[in-house]
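Some notes on the structure that comes next.
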């Protein structure tokens, strides 16, 4: 057996740091280092490394080989973007004098908090980062937000729910126990600043949701929104689940907000959750906006609200060639502007909202019985999302790319196109400098592969659920390898004929190199871990 020198070095580092390598040392990878390294070399060769943090391009191959789950499938575009997004994610790992954080922008921006941290995309950082083998990054990031001076409430951020999702993947409750008082205190501060007892709802400024210049915020930027209220319901449910002394109180809070949200923000005529402006006697905003799918990000609404999903695949509403639009296209205020604020949420496709919506869709397909959207639609949307991850350079070469907001009809990165010629024809330093949005860390992609396409659905206790949304009629094989889960190292293989991997026909699940589950077809399988 060939021993990988990078792996040996990594094990040594972990041993010195006191981190368990039990799961990592159980079995050789099914997917070889060479596949990962080949992608990294291509990305490095095409990259202009403007801003280097903890792990520069020169260390990217070693980091990815030793830290991220490996994925292989017949769709080379999806596979490429999977590794590209891990390659960009590691760029945002930053070591500070007080520990590690994860950034949104690589250059320093004036609206960030301590050490350039921004809470707006942090829930995405948790969902993506929970699959890293080295847990020090998210552990330290948690301390930064709750005790380290991060600007926790500068933007809407469901930190309790994010930390709980991390726990579901790791199986380790220690962080939840340690930070329960901080999570309760954070909830109380949100109640003081943003809760309206007369409505029974939280309000938020659209820009503090990270959604500037939205149609729902055009009359007044402040409104009762499905975003902040979904977050706070999830926060309350999480606190109720992790703190017995506060369980009844916070379950009651969650139920009351959910009831108020469904009563007040649901437009029955439009079958959609909408924004209610904070103005006396104001009606609901007439536009359907993509963030109306946020409640399903936490599996909150009852099944009777599922008709909202009939609009996602409609070209008159949200469907577009380069990603779902942030407001339905039939609305008269749908705009693709190359003037005014460079970040507008009144039409462009934003990976942030695409990630929220696709995560919500994965939850819908797993947890609801409905007839409005299906697995094939999810795969179509994931393909659209993957194909949006490119930029055509001046020499007409095409490179993988992730940035801020997209023209959903052409694939042009709108903010980039505008910022590169800002003011006097140069990148504006006041706006973040050259290539502000390059490698932007404001969304997920890989979590959608792991929990959606492969279908690893994190559970409490010694339980494992695999429910793949992969297209059985299109893919004869795929493999998710070396994914950490509850102290084990899992491998999930679909091999229709058994010829690709030589480990048997069908769907097989492996834990630390031992087969623990098998089906002859792609279907849901539940396993008790030992």
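The values are calculated or read from the model by the stated rules, or taken from the named source; none is laboratory data. Everything numeric in this text was worked out from a predicted model, so none of it was measured. Here the Cβ positions follow ideal geometry from the backbone for every residue, glycine too, while neighbour counts run over all protein chains shown.
Here are some residues: 437, 433. Which one is within 24 Å of residue 340 (Cα to Cα), assigned to a loop (DSSP other than H, G, I, E, B), touching a strand residue (DSSP E or B) at 6+ places or on another chain (Cβ under 9 Å) and in contact (Cβ under 8 Å) with a residue 12 or more places away in the chain? Talk me through it step by step, then tell me what you get.
Values: 433 fails: touching a strand residue (DSSP E or B) at 6+ places or on another chain (Cβ under 9 Å).
Just a single option satisfies the conditions, and that option is 437.
Can you find a residue in the range 19-36 that is modelled with pLDDT of 95 or more, part of a helix (DSSP H, G or I), loosely packed, with under 14 Cβ neighbours inside 10 Å and over 24 Å from the mean Cα position of the chain (by Cα)?
Here is the first cut: in the range 19-36, the ones modelled with pLDDT of 95 or more are 29-36.
In the following step, the residues that additionally are part of a helix (DSSP H, G or I) were identified as 33-36.
The next check asks that each one be loosely packed, with under 14 Cβ neighbours inside 10 Å; those that pass are 34.
If we keep only those that are over 24 Å from the mean Cα position of the chain (by Cα) too, we end up with 34.
Yes, there is a match, as at least one residue in the range 19-36 is modelled with pLDDT of 95 or more, part of a helix (DSSP H, G or I), loosely packed, with under 14 Cβ neighbours inside 10 Å and over 24 Å from the mean Cα position of the chain (by Cα).
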Seminar exercise, completed: Of (1) under 22 Å from residue 120 (Cβ atoms); (2) under 20 Å from the mean Cα position of the chain (by Cα); (3) buried (at least 18 other Cβ atoms within 10 Å of the Cβ), residue 175 satisfies every one except (2)
For this session: State the number of residues belonging to the range 78-127 that are in a strand (DSSP E or B) and either closer than 19 Å to residue 212 by Cβ or out of contact with any strand residue (DSSP E or B) (no Cβ under 9 Å at 6 or more places or on another chain) (or both).
Result: 2
For this session: Filter the range 394-419 down to residues that are touching a helix residue (DSSP H, G or I) at 6+ places or on another chain (Cβ under 9 Å) and surrounded by fewer than 18 Cβ atoms within 10 Å (Cβ to Cβ) and give me whichever is nearest to residue 87 (Cα to Cα).
Result: 399
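Could you identify the single residue in 417, 380 that is more than 19 Å from residue 355 (Cβ to Cβ), in contact (Cβ under 8 Å) with a residue 40 or more places away in the chain, assigned to a helix (DSSP H, G or I) and more than 17 Å from the chain's Cα centre (by Cα)?
Values: 380 fails: more than 19 Å from residue 355 (Cβ to Cβ).
That would be 417, the only listed residue that is more than 19 Å from residue 355 (Cβ to Cβ), in contact (Cβ under 8 Å) with a residue 40 or more places away in the chain, assigned to a helix (DSSP H, G or I) and more than 17 Å from the chain's Cα centre (by Cα).
Here is a check on your reading of the model: is residue 53 in contact (Cβ under 8 Å) with a residue 40 or more places away in the chain, part of a strand (DSSP E or B) and surrounded by fewer than 22 Cβ atoms within 10 Å (Cβ to Cβ)? Give the steps one after another, and end with the answer.
Details: in contact (Cβ under 8 Å) with a residue 40 or more places away in the chain: yes; part of a strand (DSSP E or B): no; surrounded by fewer than 22 Cβ atoms within 10 Å (Cβ to Cβ): yes.
No, not satisfied.
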